[in-house]
Amino acid sequence: MGISRSSRHKRSATGAQRAHYRKKRKFELGRQPANTRLGPKRIHRVRVRGGNFKFRALRLDTGNFAWASEHTTRKTRVIGVVYNASNNELVRTNTLVKGAIIQVDATPFRQWYEAHYAQPITKKGAKAQVAASGEEPTKRSNHLQRKLEERRKDSKIDPLLEQQFVAGRLYACISSRPGQCGRADGYILEGKELEFYVRKLRSGKQKHAHGA
């Protein structure tokens, strides 16, 4: 039996069984879920209604993630799935779906920040820079110096985000649909949303610890 999206098999609002007066139709078909996992990129092209194509990602390991407060987007490596509101099984199996909370590599964002503001992103990095200050400093024009100083006025980042930069991993949310468009793109979690998911992850760990 093929997968069907019709509601002919469902009971009516009053509970009556509907009469079977026709077979399944092509326009009511459904397909198997993609269950996109972490791994070297593997995408299948699926021909769909109207001669269009969907891109069914079976394995993905990178994506484009936006850092909204800094108005920048970088391609980075997906490390793993840490939380999914719908099903813990999707976390255990590292399944990439829309709305999944994942960890991504912080390196591309750290490199961009340090190039853009010409200063380290974390206190640890600042100490390392002071230790290496014996080296010859980079020569900059007065214009560039003024430009950097102007930028640095708005260079403060969230303490929670700073902790993640120290660890080298950022929490992000997938906002694309890997099984439909073949991509795992999203955005870096910040502010209230980040606080919410950090709380969720901590409470989940505590539950597991008590269960053990």
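The values are calculated or read from the model by the stated rules, or taken from the named source; none is laboratory data. Quick caveat, the model's predicted, so the values are computed rather than measured. Cβ atoms come from the backbone with ideal geometry, glycine included; neighbour counts cover every protein chain shown. Ligands, DNA and RNA are excluded from the accessible area calculation, which covers all protein heavy atoms including side chains. Shrake-Rupley method; radii C 1.70, N 1.55, O 1.52, S 1.80 Å.
Close amide H contacts of SER4 (hydrogens built in the peptide plane, cut-off under 5 Å, sequence separation of 5 or more or a different chain): GLY30. Relative to the longest principal axis of the Cα atoms of the chain, the long axis of helix 191-211 makes an angle of roughly 70 degrees.
Were the residues from ALA19 through SER141 laid out at 0.36 nm apart, the gain over their Cα-Cα distance would be 35.8 nm.
Beyond 27 Å in Cα-Cα separation lie the following of the pairs LYS156/LYS200; LYS10/LYS200; LYS98/LYS192; LYS75/LYS123: LYS10/LYS200. With the gyration tensor restricted to C-alpha atoms of the chain, the semi-axes of the equivalent ellipsoid amount to 46, 21, 15 Å, longest first.
Here is how the number arises for the chain: DSSP H runs of 4 or more residues each give -39500 (n - 2.57), the sum is divided by the residue count, and the result at 222 nm is -9500 deg cm²/dmol.
Most fluctuating residue of ARG177, ARG47, ARG140 in a GNM of the chain with Cα springs under 10 Å: which is it? Largest GNM mean-square fluctuation: ARG140.
Rolling a 1.4 Å probe over the heavy atoms of the protein chains gives the chain an accessible area of 69 Å² per residue. In the chain, the longest principal axis of the Cα atoms and the axis of helix 107-117 are about 40 degrees apart.
Across the accessible surface of region 1-118, with the other protein chains kept in place and a 1.4 Å probe, carbon and sulfur atoms take up 48 percent.
Note on SER4 and GLU162: with the Förster distance fixed at 45 Å, the Cβ-Cβ geometry gives a FRET efficiency of about 0.35.
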